[in-house]
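Heads up, the thing below is written out as structure tokens.
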Amino acid sequence: MIRFFLRFLGVWILAAGFVFVVYDGTKSIADKSFYYTTVENVWAWVHQDSLQGLRPAIEPYAGFLWSPIMVTLLGSPASLALGVLGAVMVLLGRRKKPLIGYARS
């Protein structure tokens with residue numbers, strides 16, 4: 001059941017990543033310059049308050065993570081982040097290949 005849920009959610013996240021590829025591509029073609037939607041912009045569209053509360057929630061426990069890691073992740077393209085997250089979820093939910101010639105115990 002968990003594998004099905006991981007695959008199902010992973011496919012939907014991959015589809016959302018593809019939607020952002022099409023959205024950014026259409027916007028780039030229309031304006032004849034390169035645009036990409038960042039994770040921070042998507043998060044702000046979905047829920048602005050949780051984005052503003054992220055930094056105060058992380059800094060007391062692991063302040064060293066904010067500048068190098070979180071700033072990079074929030075500035076990355078949403079299509080790339082969703083694609084990687086979706087691919088990882090689909091890979092985690094895949095079925096194991098049967099071993100040929102070996103008995104499982």
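Considering only Gly63, Gly75, Gly17, the Gaussian network model of the chain with Cα springs below 10 Å gives its largest mean-square fluctuation to Gly63. Among Glu59, Glu40, a tally of other beta-carbon atoms within 10 Å of each Cβ gives an order, fewest to most, of Glu59, Glu40. Taking other C-beta atoms within 10 Å as the exposure proxy, Val90, Val39 rank Val90, Val39 from fewest upward.
Under the membrane-span-like helix rule (DSSP H runs whose alpha carbons stretch at least 24 Å along the helix axis, mean Kyte-Doolittle hydropathy 1.0 or higher), the chain yields 2-31.
By the count of neighbouring beta-carbon atoms within 10 Å, fewest first, Arg7, Arg94 end up ordered Arg94, Arg7. Remark: the range 23-105 carries a charge dipole of roughly 740 debye about the Cα centre, counting +1 on each Lys and Arg Cβ and -1 on each Asp and Glu Cβ. Database remark: amide H of Thr38 closer than 5 angstrom to the amide H of Ala78 (H placed geometrically; neighbours at sequence offset of 5 or more, or on other chains; Pro and chain starts carry no H).
One quarter of the surface of the convex hull around the alpha-carbon atoms of the chain equals 10.9 nm², the direction-averaged projected area.
FYI, it's all coordinate maths here, none of it is from the lab. Since this is a predicted model, take the numbers as computed values, not measurements. In this analysis, Cβ positions are derived from the backbone assuming ideal geometry, glycine residues included, and neighbour counts consider all displayed protein chains.
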